[in-house]
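The values are calculated or read from the model by the stated rules, or taken from the named source; none is laboratory data. As the structure is a computational prediction, the values presented were derived from the model and not from experiment. Cβ sites come from the backbone with ideal geometry, for glycine too, and all protein chains shown count toward neighbours.
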Amino acid sequence: MKTRTWIILIVAFTLTALAASAWILMSKKSSGVAQVLADGELVRTIDLASVKEAYTFEVTTEKGTNVILVEPGRICVKDADCKDHSCVKMGWLQDQATPIVCLPHKLVIRIVDADGPDAVVQ
Amino acid sequence: MDTFMSFTAYGADEKLLQEAEEIVRGIEDRLSVTKEGSEIRRLNETGQADISEETAILLFSTLLYADMTRGALDPSIYPVTKLWGFTTGEYRVPARGEIEALLPLVDYTKIQITENEAGTSKAMLPEGAMIDLGAVAKGFTGVVLRDYLRQKGVQSALLDLGGNIQAVGKKPGGAPFQIAVKDPGRDGYLGVLSLDLPDLAVVTSGAYERYFEEGGVRYGHIMDPKSGRPAASGLLSVTVIHNDGVLCDAMSTALFVMGEERAIELWRKLNSFEFLIVTEDGRLLVSEGNEGRFTKDSGCAYKAEIVHR
């Protein structure tokens, strides 16, 4: 084909590709990104929406260890060696504004969600 | 205050947030009932103590609220709270005789604040009486921080002090902060409050978070100062909105003790704060001035009722 035809085809294809990707990005439901903080420092960022299989990981500081369980769309503290286990009792964190907190270990797991409430009064 | 706090300040630097943290610790050092060197501990142990101007102001405000609520809020309830084990976690249901022996000590009218010759303040308690400003400490901290941040040029911040909310201004750009209100009966929200005015504080009180169970009965941590027993006035939670965090803290506790009728009566009389009240029989009472700012959650099962002035 003539060069001009190729150019037109390439431009048309690129524009279509851009439009398609824009559509995909905009229609993707934001399911929140989970942040795990140890003593105020970010140690892990997890996009809960793109989790396919459940997995666990540990966060260990000089204060102790928490075992975090991640499943598609949600996260929780499965086990910990802190005294009261209130972090485990808090259960699953999905899309609420209330973080999971292990006070003795200074561990915080929170969802960063642009559409959700800014805080929860309780 | 041994609780999780989260401060989000727009346009603040690391240094300012560290200063905020220090302010919180300073207040805790002065107001703690257990910490060594705390003004309140010294007051409780010796019956009288010099107190800082800040503590004097807070104590004075608390006594005003005690008066306004006819003793539904009473900082001298502390010996009773201790008796039930809420201060140590060693919960127990005391015998009637034990409670009655302590009730004479619960009397906010006997707490005195006087001025020393040097101009400093002194607080005095009758023999055996002990106070705890825990019911207003977080609200107070929020107000102190708000004023400090404003003074330092911060025009927009959201302070979450263990569940007590204090806003500085509104969101950058003027949008209201959206505050979800916890549903006392299920794992979800009652709805969302849109803080349409700047500098608002929101505080919720209820027995649903701190309680123990014995013999199939649930005992909440909010004491009724008149009976010396956990308040049982037919309410599940009370949320108060106003720009004074101390008022919100004080009123949410007091209204929970007072029950629906007395709470609404006081709300009408004072004409200042707004509320959300969840009753045990499944109603969500929304004060008239709150109607425009509250959006009920679709999953909330309570029946909403507007309470008119």
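General observations
- Residue tally, condition of a type in the set (Asp, Glu), under 18 Å from residue B:185 (Cβ atoms) and under 23 Å from the mean Cα position of the chain (by Cα), over region B:279-292: 1
- If the condition is being more than 14 Å from chain A (Cβ to nearest Cβ) and either exposed (fewer than 13 other Cβ atoms within 10 Å of the Cβ) or outside any loop (DSSP other than H, G, I, E, B) (or both), then region B:1-23 contributes B:13, B:15, B:16, B:19, B:22, B:23.
- Residue check, residue B:60 touching a residue at least 24 places away in the same chain (Cβ under 8 Å) and either touching a helix residue (DSSP H, G or I) at 6+ places or on another chain (Cβ under 6 Å) or not in a helix (DSSP H, G or I) (or both): no
- Residues (touching a strand residue (DSSP E or B) at 6+ places or on another chain (Cβ under 8 Å) and of a type in the set (A, V, I, L, M, F, W, C)) located in region B:64-85: B:72, B:77, B:80, B:84
- Scanning region B:40-54 for residues that are in a helix (DSSP H, G or I), out of contact with any Ser or Thr (no Cβ under 8 Å at 6 or more places or on another chain) and surrounded by 15 or more Cβ atoms within 10 Å (Cβ to Cβ) yields a count of 4.
- Every condition in (1) in contact with an Asp or Glu (Cβ under 8 Å, 6 or more places away or on another chain); (2) over 24 Å from residue B:43 (Cβ atoms); (3) modelled with pLDDT of 95 or more; (4) surrounded by fewer than 22 Cβ atoms within 10 Å (Cβ to Cβ) is met by residue B:171 except one, and the failing one is (3).
- Residue count for region B:272-291, restricted to those that are at pLDDT 95 or above and over 17 Å from residue B:205 (Cβ atoms): 6
- Any hit, region B:293-305, residues being β-branched (Val, Ile, Thr) and within 23 Å of residue B:187 (Cβ to Cβ): yes
- Some residue of region B:209-220 being in a loop (DSSP other than H, G, I, E, B) and within 14 Å of another protein chain (Cβ to nearest Cβ): yes
- Residues that are under 27 Å from residue B:130 (Cβ atoms) and assigned to a strand (DSSP E or B), drawn from region B:236-268: B:238, B:240
- A count restricted to region A:105-120 and to residues that are within 26 Å of residue A:78 (Cβ to Cβ), facing chain B (nearest Cβ under 10 Å) and out of contact with any Ser or Thr (no Cβ under 9 Å at 6 or more places or on another chain) stands at 1.
- Consider region B:80-138 and keep the residues that are of a type in the set (D, E, K, R) and touching a helix residue (DSSP H, G or I) at 6+ places or on another chain (Cβ under 7 Å). The one that is surrounded by the fewest Cβ atoms within 10 Å (Cβ to Cβ) is B:98.
- Region A:47-102, subset more than 14 Å from every other protein chain (Cβ to nearest Cβ), farther than 15 Å from residue A:37 by Cβ and among the basic types (Lys, Arg), residue surrounded by the most Cβ atoms within 10 Å (Cβ to Cβ): A:78
- Some residue of region A:85-92 being on the phi < 0 side of the Ramachandran plot and assigned to a strand (DSSP E or B): no
- Considering B:90, B:127, the condition of being more than 14 Å from the chain's Cα centre (by Cα) and farther than 28 Å from residue B:214 by Cβ is satisfied by B:127 alone.
- Residue match in region B:31-39 (condition: buried (at least 17 other Cβ atoms within 10 Å of the Cβ), of a type in the set (Val, Ile, Thr), farther than 27 Å from residue B:218 by Cβ and within 21 Å of the chain's Cα centre (by Cα)): no
- Evaluated against (1) more than 10 Å from chain A (Cβ to nearest Cβ); (2) in a strand (DSSP E or B), residue B:174 falls short on exactly one condition, (2).
- Subset of region B:132-165 [small (Gly, Ala, Ser), closer than 17 Å to residue B:17 by Cα and within 14 Å of chain A (Cβ to nearest Cβ)]: B:142, B:156, B:157, B:162
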